[in-house]
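Q: Have a look at this one before I ask anything.
Laboratory data are not the source of any read-out in this text; all were calculated from the coordinates shown. Remember, predicted model here, so these are calculated numbers, not experimental data. Here the Cβ positions follow ideal geometry from the backbone for every residue, glycine too, while neighbour counts run over all protein chains shown.
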Amino acid sequence: ETGVTQSPTHLIKTRGQQVTLRCSSQSGHNTVSWYQQALGQGPQFIFQYYREEENGRGNFPPRFSGLQFPNYSSELNVNALELDDSALYLCASSRVDRGSTEAFFGQGTRLTVV
Amino acid sequence: SQELEQSPQSLIVQEGKNLTINCTSSKTLYGLYWYKQKYGEGLIFLMMLQKGGEEKSHEKITAKLDEKKQQSSLHITASQPSHAGIYLCGADESYSQKLVFGQGTRLTINP
């Protein structure tokens, strides 16, 4: 048990729709990072939130956006869903203002776009 | 940008045998993480290495980071069915927790 929980666990959406995925961080962690993992691949960094502000983004278009709340929980929003957005979405919580620490992952949300 | 190459991509071993998974980086690694993933599930943290020559062990799993900090290995001694899964190495480029991952190594343990 990492203390990082994601919801929902599975989701099916239609192309063109919008989706919101949620992540609650481990207690004491102030940073949340989101990753997309396509089938058979390693996770790819989408973006990171630190103290409610975006703190770096990977090679993903603006239709991928996020929020971090005062309690350090986070949301990932994806607009105008495409078939290629079908993947496992993972969030990781950590604390980066004390040097490099372990990043603990949630169980993921499996998104299927049809 | 940072690239990580894992080898082998898949591995099938007999229960009780030892095995090694390698992770090679195109750049110096400031932080190297090993995770285990069951199919379709989240990542389970195994170990983090930061210093050249560092070695850490947990139960039957040992991870090493070479002196040049460009290669890491994960060694499992006396493998068990519970070790089966996908092993991922991830690199932290700047102590920022923005990890770049290898493609994973799928480990199967035969009884």
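Q: Can you list which of the trypsin sites (Lys or Arg not before Pro) found in segment B:18-111 are DSSP loop residues with at most 11 other C-beta atoms within 10 Å? List each step's numbers first, then the result.
A: Details: sites: B:Lys27, B:Lys36, B:Lys38, B:Lys51, B:Lys56, B:Lys60, B:Lys64, B:Lys68, B:Lys69, B:Lys98, B:Arg106; in loops: B:Lys27, B:Lys38, B:Lys51, B:Lys60, B:Lys68, B:Lys69, B:Lys98.
Sparse-neighbourhood loop trypsin sites (Lys or Arg not before Pro): B:Lys51, B:Lys68.
Q: Hey, another quick one. So which chymotrypsin sites (Phe, Trp or Tyr not before Pro) in segment B:1-101 are both in a DSSP loop and have at most 11 other Cβ atoms within 10 Å of their Cβ?
A: B:Tyr39
Q: Could you tell me which of A:Gly16, A:Leu67, A:Phe105 has its Cα farthest along the dipole of chain A towards the positive end, charges placed at Cβ (Lys, Arg +1; Asp, Glu -1), taken about the Cα centre?
A: Of the options given, the answer is A:Gly16.
Q: Also, quick follow-up: Looking at the square roots a ≥ b ≥ c of the eigenvalues of the Cα gyration tensor of chain A, which shape do they give, rounded for a/c under 1.5, prolate if a/b is larger than b/c, or oblate?
A: Prolate, since a/c reaches 1.5 and a/b exceeds b/c.
Q: Turning to a different aspect of this structure: Through the Karplus equation 6.51 cos²θ - 1.76 cosθ + 1.60, θ set to phi - 60°, convert the phi angles of segment B:33-38 into ³J(HN,Hα) values in whole Hz; use x for Gly and Pro.
A: Here the 3J(HN,Hα) series is 10, 10, 10, 10, 9, 7 Hz.
Q: So which lysines pass the test for B:Lys64, namely a Cα distance under 23 Å, with those fewer than 8 places away in the same chain ruled out?
A: B:Lys17, B:Lys27, B:Lys36, B:Lys38, B:Lys51, B:Lys56, B:Lys98
Q: A follow-up question, please. What ³J(HN,Hα) values, in whole Hz, does the Karplus curve 6.51 cos²θ - 1.76 cosθ + 1.60 give for segment B:22-30 when θ = phi - 60°, with x put for Gly and Pro?
A: Going residue by residue, I get 10, 9, 10, 10, 7, 9, 4, 8, 8 Hz, with x marking Gly and Pro.
Q: Counting other Cβ atoms within 10 Å, which GluC sites (Glu not before Pro) in segment A:1-66 have at most 15 and lie in a DSSP loop?
A: For GluC sites (Glu not before Pro) across segment A:1-66 that sit outside H, G, I, E and B with at most 15 neighbouring Cβ atoms in 10 Å, the list reads A:Glu1, A:Glu52.
Q: If you don't mind, there's one more thing I want to ask. So, counting K/R as plus one and D/E as minus one, what does the shell of residues with Cβ under 12 Å around A:Leu90 add up to?
A: On the way: positive: A:Arg110; negative: B:Glu41.
Computed value for this residue: 0.
Q: Can you list residues from other chains, or at least 5 along the same chain, whose modelled amide H is less than 5 Å from the amide H of A:Lys13?
A: Here A:Thr112, A:Val113, A:Val114 satisfy the definition.
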